[in-house]
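For reference, the structure is listed below as structure tokens.
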Amino acid sequence: MSPARPMPEPWSTSSHLSITPLAVTGNRGLLAVTGEVDLATSGELAAALTDVLDGPPLSALEVDFGGVRFLDSSGILVLLRTHARAAEQGCRLTVVDVQPAVRRVLEITGVLATLGLDTTSPTR
């Protein structure tokens, strides 16, 4: 097992979104996202995910959406673009602990499976 890497500071975010690195151990990372991911805040999420992927190579990156109350199409686009970029780098991006309202948006748009979510049972 690789040693833990130093944790970056939380990304500076608006009052509507918080992105906090929870763990980067070996070649695995975990970020927690809280708040609303919409046109006003999706750029912050994109920047944080880009920072992680621009760092030392990861084999897996989990994005914890347990605190995300709202997700619009701009946030979905960020997740899909990040998923594609991560795959190009050999990193598996998954979104975990998704609240029911956000899960429904991902289900309607057909991206549940792409983001590594179970399509048969709710997360909560």
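Nothing in this text is a laboratory measurement; each read-out follows from the coordinates by a stated rule. All values derive from a computational prediction rather than experimental measurement. So basically every Cβ, Gly included, is an ideal-geometry build from the backbone, and we count neighbours across all protein chains shown.
Stretch V96-A113 to full length: gain in nm at 0.36 nm per residue minus the Cα-Cα span? Let's see the in-between values first.
On the way: separation 17, 0.36 × 17 = 6.12 nm, distance 1.18 nm.
Result: 4.9 nm gained on full extension.
Given H placed on each backbone N at 1.01 Å, which residues far from Q99 in sequence or on other chains put an amide H within less than 5 Å of it?
Amide H neighbours of Q99, under 5 Å, 5+ apart: V68.
Where Rh is the Kirkwood radius over the Cα pairs of region 17-109, the temperature 10 °C and the viscosity 1.306 mPa s, what D in µm²/s does Stokes-Einstein return? Let's see the in-between values first.
Numbers: Rh = 13.1 Å.
For these conditions, the coefficient is 122 µm²/s.
Once you charge only the Cβ atoms, +1 for Lys and Arg and -1 for Asp and Glu, what is the size of the charge dipole of region 24-124 about its Cα centre, to the nearest 20 debye?
Numbers: 8 positive and 12 negative charges, 46 e Å.
The dipole magnitude comes to about 220 debye.
What percent does the relative contact order of region 17-109 come to when contacts are Cα pairs within less than 8 Å and at least six residues apart? Present the calculation step by step, with values, prior to reporting the outcome.
Details: 160 pairs, mean separation 27.8, N = 93.
Relative contact order for region 17-109 comes out at 30 percent.
Using θ = phi - 60° and the Karplus curve 6.51 cos²θ - 1.76 cosθ + 1.60, what whole-Hz ³J(HN,Hα) does each residue of region 30-42 get, with Gly and Pro shown as x?
Values per residue, Gly and Pro as x: 9, 10, 10, 10, 9, x, 10, 10, 9, 4, 6, 10, 4 Hz.
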